[in-house]
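Below is one structure, written out as structure tokens, with a few remarks after it.
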Amino acid sequence: MIYDNNPDRIIYMNYEPPKNPLKVYLILIAAVSITMVAMMTYDIAGRKPKPLPRKHTYQMPPQFNISPDQVSYMPAHIPWPTMLTESRAITVSHRGLIYIAGDSLVNIFEPAGHLLKTLELPGEPTAIQWFDNKLFIALNNQFIIHNLQTGQQEKWDLKSEAPLITSLAVDNENIYLADAANRIVLRCDHQGNIINRIGEADPEKEIPGFVVPSPYFDLALAPDGLLRVVNPGRHQIEAYTPNSDREFAWGKPGAQVENFCGCCNPVSLALLPDGRFVTAEKGIPRVKIYDLDGNFQTFVAGANQLLDADEIELIMELPGDSKTHSYDLAVSDKTIILLDRGRNLVHSFIPRHPPKHEDL
């Protein structure tokens with residue numbers, strides 16, 4: 001039935017069913033399909049149709065596409081999980097045991113990934129270093145020295161304002177703490193007393209100061225006795241004496257293989273037994289080796305050795321998502337150990353061939 005212009009009057013009409021029901025059904029199905037496609041392609045904000053999404057095709061930039069002949073290392077083991085929700089830092093003992101700090105724990109592994117033991121901590125660790133059979137662990141505002149033989153722990157408060165310790169290095173007399181929040185390196189004794197600060201901007205001493213845009217601020221002690229500190233915002237590695245004199249620096253920003261790209265790289269630094277440097281970069285994941293003078297030598301791994309194609313596409317679409325693929329490094333003899341913080345995985349790499357004499 002239908003209504004005419006008078007709402008109080010109903011006009012009845014005879015209804016005659018269609019002679020071909022199948023044709024009607026097909027028309028209805030087609031109409032519904034067209035309506036659904038229109039709804040999927042309608043731009044609510046702009047009130048205009050847009051094409052259906054299609055798979056992107058990328059031309060892989062050379063920074064991502066590292067050819068195998070540029071890589072002189074190979075995996076030592078299949079990558080294995082840290083068994084942590086959030087992995088923060090890695091260190092290795094003289095016996096090759098691997099210590100990974102995260103959550104409120106330290107997990108101790110054999111080189112191939114077998115979990116040996118777990119140590120509980122009173123807070124979330126931000127940095128860890130093995131030295132002389134002890135673990136030196138930075139928490140948010142505390143410092144712990146854990147004796148691996150006796151199990152005893154010595155604790156002291158960090159005498160710094162709102163610190164964020166992202167790396168540390170230890171020798172017989174000193175503990176060096178990289179404080180990313182205050183953009184400074186603290187030199188302390190083993191009782192936690194601050195001896196001096198390293199890297200404060202001083203134009204007269206030609207010290208530019210550390211630029212730390214994100215919480216990645218690494219350091220390492222070199223065999224020459226100088227402390228190497230990453231200045232990530234300047235894309236450099238700087239050499240300091242314990243008394244805070246800046247001796248020299250190397251590194252340049254850029255997309256070339258020998259340079260460090262992105263806003264702030266490298267994020268991690270480690271030293272091989274012969275004194276050469278291993279660096280890891282976030283954003284475009286690259287692990288590289290430099291000689292003692294800071295000259296690029298080779299790749300340990302590139303993005304296409306560390307990630308699959310879908311992950312590389314995601315980084316290219318969202319280059320600012322650096323936390324997903326940030327790394328920490330440790331070295332055990334000739335083995336380079338890489339902690340993938342974002343995926344809670346551990347990679348290990350060994351040389352493909354014995355190094356040539358001129359490379360040492």
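Let me spell it out: the conditions are (1) part of a strand (DSSP E or B); (2) of a type outside the set (A, V, I, L, M, F, W, C); (3) within 20 Å of D218 (Cα to Cα), and Q297 meets all of them except one. Which number is the exception?
Checking Q297 against (1) part of a strand (DSSP E or B); (2) of a type outside the set (A, V, I, L, M, F, W, C); (3) within 20 Å of D218 (Cα to Cα), the one that fails is (3).
What number of residues in the range 201-217 are part of a loop (DSSP other than H, G, I, E, B) and free of Cβ contacts under 8 Å to residues at least 60 places away in the same chain?
Of the residues in the range 201-217, 10 are part of a loop (DSSP other than H, G, I, E, B) and free of Cβ contacts under 8 Å to residues at least 60 places away in the same chain.
Within the range 278-300, how many residues are within 14 Å of the chain's Cα centre (by Cα), at pLDDT 90 or above and of a type in the set (A, V, I, L, M, F, W, C)?
Selection size over the range 278-300: 2.
Out of the residues in the range 220-256 meeting the condition of being more than 25 Å from K282 (Cα to Cα) and among the small types (G, A, S), tell me which one is most open to solvent (accessible area, probe 1.4 Å).
G225
Taking the range 256-275 on its own, how many of its residues are assigned to a loop (DSSP other than H, G, I, E, B), over 14 Å from Y216 (Cα atoms) and touching a residue at least 12 places away in the same chain (Cβ under 8 Å)?
Looking only at that region, the number is 8.
Pairs needed: first member in the range 88-111, free of Cβ contacts under 8 Å to residues at least 12 places away in the same chain; second member anywhere, part of a loop (DSSP other than H, G, I, E, B) and open to solvent by 10 Å² or more (accessible area, probe 1.4 Å); C-beta distance under 7 Å; at least 6 residues apart or different chains.
Close Cβ pairs satisfying both conditions: I108/L97.
Here is a yes/no grid of residues against (1) hydrophobic (A, V, I, L, M, F, W, C); (2) under 23 Å from T335 (Cβ atoms); (3) touching a helix residue (DSSP H, G or I) at 6+ places or on another chain (Cβ under 6 Å):
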{"residue": "E238", "(1), (2), (3)": "no, no, no"}
{"residue": "R246", "(1), (2), (3)": "no, no, no"}
{"residue": "L269", "(1), (2), (3)": "yes, yes, no"}
{"residue": "T279", "(1), (2), (3)": "no, yes, no"}
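Tell me the strands (runs of 3 or more DSSP E) entirely within the range 122-200 that contain at least 1 residues that are surrounded by fewer than 17 Cβ atoms within 10 Å (Cβ to Cβ) and out of contact with any His (no Cβ under 8 Å at 6 or more places or on another chain).
Counting at least 1 such residues, we get 142-147, 153-157, 194-198.
Can you find a residue that is touching a strand residue (DSSP E or B) at 6+ places or on another chain (Cβ under 7 Å), closer than 19 Å to Y99 by Cα and among the hydrophobic types (A, V, I, L, M, F, W, C) anywhere in the range 147-162?
yes
Within the range 85-102, how many residues turn out to be under 19 Å from the mean Cα position of the chain (by Cα), within 22 Å of D218 (Cβ to Cβ) and open to solvent by 50 Å² or more (accessible area, probe 1.4 Å)?
2
The values are calculated or read from the model by the stated rules, or taken from the named source; none is laboratory data. All values reported here derive from a predicted model rather than from experimental measurement. Cβ sites come from the backbone with ideal geometry, for glycine too, and all protein chains shown count toward neighbours. Side chains are part of the model used for accessible areas, which takes the heavy atoms of the whole protein and leaves out ligands, DNA and RNA. Shrake-Rupley method; radii C 1.70, N 1.55, O 1.52, S 1.80 Å.
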